[in-house]
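This report refers to the structure that appears directly beneath it.
The values are calculated or read from the model by the stated rules, or taken from the named source; none is laboratory data. Bear in mind that the values here come from a model prediction, so they are computed numbers and not experimental data. Ideal geometry is used to build each Cβ from the backbone, glycine not excepted, and the neighbour counts take in all protein chains shown. Heavy atoms of the whole protein, side chains included, go into the accessibility calculation; ligands, DNA and RNA do not. Shrake-Rupley method; radii C 1.70, N 1.55, O 1.52, S 1.80 Å.
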Amino acid sequence: MIGTILAKKAVHSGFMNLNKGDIKAFIKAWAENAVFIYPSVVSAGGTIKGKEDIKRWFENWMKQFPKRNFVLNNVCVENVCAFGGTNVIAAEWGIKITNKDGKDFEISGVTTIALRKGKAVRVCDYISDTELLKKAWGEK
């Protein structure tokens, strides 16, 4: 139960750090050899490997979306009794974003997060409307 509370708190903190644009605090939660998977329907999508490349990806994402507000709807934890910071988490979210062209979008999705020793090792975003995602990135 305590592991669940800590995992949910960490996920909430991560999303709030993105809202604030605090990349330094956000990236602390990632393992050095982490993998981030973003929908490949946009040019920024694909599999990003390694903490430094993931940091650069999110810096670029923040430039693309200078205004952003994540709201977490649900956070589910696979193993409620897990100790030692190893678990799998699913976070259902909605986001209101304004892209660098000043256009507003509302997108929803789910992020799965595999934790090992309290650090994110594999994170995958699933976006509900990929056509809207393309428009938000300014792509057709």
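Note on the chain: Cα-Cα pairs beyond 26 Å make up 19% of the total pair count.
The length gained on full extension between Trp61 and Glu32, counted as 0.36 nm times the residue separation minus their Cα-Cα distance, comes to 8.5 nm.
Centroid-to-centroid, using Cα positions, the range 1-51 and the range 71-140 are 8 Å apart.
With a cut-off of 14 Å between beta carbons, the residues surrounding Phe70 carry a summed charge of 0, where Lys and Arg count +1 and Asp and Glu -1. Would you mind checking the tilt of helix 51-64 against the longest principal axis of the Cα atoms of the chain, expressed as 0 to 90 degrees and rounded to 10? On a 0 to 90 degree scale, this one is about 40. Of the cross-linked pairs Lys24/Lys49; Lys20/Lys103; Lys24/Lys67; Lys8/Lys117; Lys51/Lys135; Lys96/Lys134, those separated by over 24 Å at the C-alpha level are Lys51/Lys135.
In the range 8-58, with Lys and Arg counted as +1 and Asp and Glu as -1 at Cβ, which of these residues, Ala34, Val11, Gly46, has the Cα nearest the positive end of the dipole, that is, farthest along it? Positive-end residue among those listed: Val11. In whole percent, what relative contact order does the chain give with Cα contacts below 8 Å and a gap of six or more residues? Relative contact order for the chain comes out at 25 percent. Charge dipole of the chain (Cα centre as origin; +1 on each Lys and Arg Cβ, -1 on each Asp and Glu Cβ, all else neutral): 440 debye, rounded to the nearest 20. Overall, the range 6-81 carries a charge dipole of about 260 debye about its Cα centre when +1 sits on the Cβ of Lys and Arg and -1 on the Cβ of Asp and Glu, all other atoms neutral.
The share of Cα pairs per 5 Å bin across the range 37-115, counted from zero up to the longest distance, runs 3, 12, 17, 23, 22, 13, 6, 3, 1, 0 percent. Apolar share of the accessible surface for the chain: 55 percent from carbon plus sulfur atoms, 1.4 Å probe. Which net charge results for the neighbourhood of Gly14, defined as the other residues with beta-carbon distances under 12 angstrom from its beta-carbon, given Lys and Arg at +1 and Asp and Glu at -1? Net charge around Gly14: +4. Shown in residue order for the range 9-26 are the 3J(HN,Hα) couplings computed by the Karplus curve 6.51 cos²θ - 1.76 cosθ + 1.60 at θ = phi - 60°: 5, 5, 5, 4, 4, x, 5, 5, 5, 5, 4, 7, x, 8, 5, 4, 5, 4 Hz (x for Gly and Pro).
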